[in-house]
1. Where a ≥ b ≥ c are the square roots of the eigenvalues of the C-alpha gyration tensor, would you call segment 1-46 rounded, which needs a/c under 1.5, or, failing that, prolate if a/b is larger than b/c, or oblate?
2. Rounded to the nearest 0.05, what FRET efficiency do residue 49 and residue 5 have when you use their Cβ-Cβ distance and R0 = 25 Å?
3. Quick one: 86, 48, 29, fewest Cβ neighbours within 10 Å first, how do they rank?
4. Neighbour counts of other C-beta atoms within 10 Å: give me 19, 68 arranged from fewest to most.
5. Largest first and in whole Å, give the semi-axes of segment 13-72's equivalent ellipsoid, each being the square root of 5 times a Cα gyration tensor eigenvalue.
6. Stretched out fully, how many nm does the piece from residue 73 to residue 31 gain, at 0.36 nm a residue minus the Cα gap?
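Read the figures in this text as sums done on the coordinates, not as results from a lab. Remember, predicted model here, so these are calculated numbers, not experimental data. Glycine also receives a Cβ, built like all others from the backbone with ideal geometry; neighbour counts cover every protein chain displayed.
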């Protein structure tokens, strides 16, 4: 099952599906939604690093970011950007930036997994 829910003002769309059980037809619908809305969101997903990489590879070759440390040797394409409750000052990437200006070829698509760590933050979404 796959349901596409456009966000207000044509800014992206939420896709209600289980990314662990995608058919080729469902992935085609996801690609069409990405092309139509420019940004897509999947809530309540519980993907392992392996499944996250498998899903991302459906869109094409994964990029490496030589200036950022990957999750580990097995998954160097996953970069963790974490803001801890104890952190003070600006967050990583908070100001205007480009993620891959220093690479020979920039990525077409960027993926992010967003997790919140406090009840206060969860209620803001």
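1. Numbers: a/c = 2.37, a/b = 1.44, b/c = 1.65.
Note, shape of segment 1-46 comes out oblate.
2. Numbers: r = 27 Å, r/R0 = 1.09.
Efficiency for this residue pair is about 0.40.
3. On the way: 86 5, 48 10, 29 16.
Arranged by neighbour count, lowest to highest, 86, 48, 29 become 86, 48, 29.
4. On the way: 19 18, 68 12.
Fewest-to-most ranking of 19, 68: 68, 19.
5. Values: eigenvalues 96, 41, 27 Å².
Ellipsoid half-lengths, sorted descending, are 22, 14, 12 Å.
6. Values: separation 42, 0.36 × 42 = 15.12 nm, distance 2.92 nm.
Length gained between residue 73 and residue 31: 12.2 nm.
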